[in-house]
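The structure under discussion appears below in the form of structure tokens.
The values are calculated or read from the model by the stated rules, or taken from the named source; none is laboratory data. Source: prediction; values computed, not measured. For neighbour counting, all protein chains shown are included, and Cβ atoms are generated from backbone atoms with ideal geometry for every residue, glycine included.
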Amino acid sequence: MSAPHVWLKEAIEAATSLQAWPVGMTGEGGPPFVIYAREATAREQLLDDTLDATPEPQATPPVARFAVAIYADDYVAAWDVAGQITGAIHLYAGEAEGTTIEQCLVLDERDGQPDYLDGRDVPTYTVELSVEVRWVE
């Protein structure tokens, strides 16, 4: 089964040595950590441009858009982790764990809102990445 979210989790963890959680942090401990969530998957259909009276739709590879959030106690450390992730996945193409990634792009990077995690009196800094992954099913 092709699974871009499995590849993304493994790529983040390999690049940063941090735990990456899908959708929300469900474990124990504090920052630094990474949360990723699939925001959408586009499945474009193209019509065959032959002169046939009934063109057949041709599927293009799906494209998933992910939100990746880095949480850290220090602003600079959060950006450092973002750089590690970007360096590992931006422009990546290849085979990984049975998934063919045609292309991965980091579309943008931005500061997130400081967050007060449960039981903590100091803010946790966040950096957010928008990531697009085109893969073969």
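Would the stretch 50-58 turn up any residue that is modelled with pLDDT under 95, in contact with a strand residue (DSSP E or B) (Cβ under 6 Å, 6 or more places away or on another chain), outside any loop (DSSP other than H, G, I, E, B) and loosely packed, with under 15 Cβ neighbours inside 10 Å? Checked against the condition, which is being modelled with pLDDT under 95, in contact with a strand residue (DSSP E or B) (Cβ under 6 Å, 6 or more places away or on another chain), outside any loop (DSSP other than H, G, I, E, B) and loosely packed, with under 15 Cβ neighbours inside 10 Å, the stretch 50-58 yields at least one hit. Taking each residue of the stretch 67-91 that is within 15 Å of GLY112 (Cβ to Cβ) and looking for partners that are surrounded by fewer than 16 Cβ atoms within 10 Å (Cβ to Cβ) and polar (S, T, N, Q) with beta-carbon atoms closer than 9 Å, six or more apart or interchain, yields ALA67/SER130; VAL68/SER130. Check the stretch 119-134 and report whether any residue there is more than 16 Å from VAL34 (Cα to Cα) and either of a type in the set (S, T, N, Q) or in contact with a helix residue (DSSP H, G or I) (Cβ under 9 Å, 6 or more places away or on another chain) (or both). Yes - at least one qualifying residue is present in the stretch 119-134. Among the residues of the stretch 83-98, is any in contact with an Asp or Glu (Cβ under 9 Å, 6 or more places away or on another chain), more than 20 Å from GLY29 (Cβ to Cβ), modelled with pLDDT under 90 and part of a strand (DSSP E or B)? Yes, because at least one residue in the stretch 83-98 is in contact with an Asp or Glu (Cβ under 9 Å, 6 or more places away or on another chain), more than 20 Å from GLY29 (Cβ to Cβ), modelled with pLDDT under 90 and part of a strand (DSSP E or B).
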